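Working notes for the structure below.
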Amino acid sequence: MKFKIKTAKFFEGLSPKDSIFLLIFPLLTILIMFLPEAVKIGLMLNLKNPQWWQFFTSAFIHQGWSHLIKNLIGYFLFVFPLFFIIATRTEKKKYYFRFLIFIILTFPLVESIFQFNVYPKIFPNLIYSSGISGIVAAFAGLIPSFWFLGVLNKRKSKISKDFALVSLTYVFLIFSIIYLSVYKTLFIIVIWGTLFVILLFKNKRKIFYLLGLIDIERERNLICEVLLLIVPVLFLCAPFLFFPPPSLLNENKALIDFFVHYLEISYGLISSFWFFIFTHKEKSPD
C-alpha cells in the first residue's frame with residue numbers, strides 16, 4: 001500500500017492532456033514527411049530565392065528520415081525528463097508550456113531571417129535550410145531555469161542572475177572550444193574559461209546548496225534524485241550535440257546550423273531566465 005501511495009505521489013501533476021500536448025509537435029513533423037517531395041522543397045528556406053512562407057515553414061521540414069529521427073531523439077531527451085520534474089515538483093507547468101509555444105511560433109522566423117542575411121555571405125554554396133534542430137536547441141536552453149525551480153521543489157526562492165550567467169558562459173565556452181579551428185586563437189577560450197571558473201567559485205555555496213537539496217531526494221524518491229542529476233547533464237552535453245564540427249558545416253548543400261544553434265540555446269536561456277528574474281519574479285523565503 002505504501003508503495004502505491006508513493007507511486008501515485010510520484011506521478012502527481014501529470015495528466016493525459018500533458019502527453020497529448022507534448023506529442024503534437026513531433027507528430028506534426030512526422031506527418032509533414034509524407035508530403036510530396038516537391039512540396040517539401042517548396043517549404044524549405046531557399047537561401048538564393050526565398051518565398052515569404054518559407055521563413056515560417058522551413059523549420060518543420062527535414063531532408064530525410066534520418067535527419068528527422070535525430071531531431072526527434074533530441075526533442076524527447078531535452079523536453080520529457082525536464083517536463084516530468086516540472087509537472088511533479090513545481091507549479092510552473094503552465095509556464096513551461098507557454099515557453100514551448102513561444103519558441104515554436106517565434107524562432108522559426110528569427111532563425112530564417114538570420115540565415116538569409118548571414119549565411120549566403122559565409123557559405124555561398126549553401127542552398128536550403130530546414131529542420132527542427134534549432135527549435136530543439138532552444139528547448140535545451142530552457143533546462144537551467146526550470147531545473148533550478150524543480151530542485152527548489154516549491155520553495156519560493158529568487159533565481160540568481162549569476163546562475164543565468166554561468167549557464168550562458170558555459171555554452172559560449174564550449175562553442176569557442178569546438179570552433180577553435182575556425183578562428184585559430186586560444187585567447188577567447190582563456191577569457192571565457194576564466195570567467196566561467198570565476199562564476200563557479202563565486203556561486204559555490206549556491207551550487208552546494210542545490211546539490212544538498214538533490215541529495216535529500218534520496219530519502220523521498222531515488223528516481224527523482226536520478227532525474228534531477230540527469231537533466232543538468234543533458235544540458236552540459238547539449239552544445240556537443242548541437243554544434244557540429246567545422247568539417248560538417250556543408251553537407252548535401254543543406255544548412256547545418258551552428259551559429260543558429262548557439263543563437264537558439266541562448267534564446268531559450270535568456271528568455272526563460274529573463275522571465276523568472278525580471279517579469280515573474282520568484283520571492284525569497286520569508
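General remarks:
- Matching option when the condition is under 25 Å from residue 263 (Cα atoms) and among the polar types (S, T, N, Q), among 66, 15: 66
- Residue check for residue 78: touching a helix residue (DSSP H, G or I) at 6+ places or on another chain (Cβ under 6 Å), under 30 Å from residue 127 (Cα atoms), aromatic (Phe, Trp, Tyr) and modelled with pLDDT of 85 or more: yes
- Only one entry of 145, 167, 130 meets the criterion of being hydroxyl-bearing (Ser, Thr, Tyr) and more than 16 Å from the chain's Cα centre (by Cα), and that entry is 130.
- The single condition among (1) under 27 Å from residue 86 (Cα atoms); (2) free of Cβ contacts under 8 Å to residues at least 40 places away in the same chain; (3) surrounded by 15 or more Cβ atoms within 10 Å (Cβ to Cβ); (4) not β-branched (Val, Ile, Thr) that residue 168 does not satisfy is (2).
- Any hit, segment 41-62, residues being among the hydrophobic types (A, V, I, L, M, F, W, C), within 30 Å of residue 225 (Cα to Cα), at pLDDT below 90 and not in a helix (DSSP H, G or I): no
- Filter result (exposed (fewer than 12 other Cβ atoms within 10 Å of the Cβ) and not in a helix (DSSP H, G or I)) within segment 187-244: none
- Scanning segment 102-160 for residues being modelled with pLDDT under 85 and closer than 23 Å to residue 227 by Cα gives a total of 9.
- Considering residues of segment 1-23 that are farther than 15 Å from residue 83 by Cα and hydrophobic (A, V, I, L, M, F, W, C) only, the residue modelled with the highest pLDDT: 8
- When segment 82-99 is filtered for residues that are more than 15 Å from residue 144 (Cα to Cα) and not charged (D, E, K, R), the ones remaining, listed by number, are 87, 88, 97.
- Taken over segment 44-61, the criterion of being farther than 16 Å from residue 133 by Cβ and of a type in the set (A, V, I, L, M, F, W, C) is satisfied by 47, 52, 53, 55, 56.
- Residue check for residue 179: under 24 Å from residue 103 (Cα atoms), surrounded by 12 or more Cβ atoms within 10 Å (Cβ to Cβ), within 22 Å of the chain's Cα centre (by Cα) and not β-branched (Val, Ile, Thr): no
The values are calculated or read from the model by the stated rules, or taken from the named source; none is laboratory data. Because the structure is predicted, anything quoted here is derived from the model rather than measured. With ideal geometry, Cβ positions are generated from the backbone for all residues, glycine too; neighbour counts draw on all protein chains shown.
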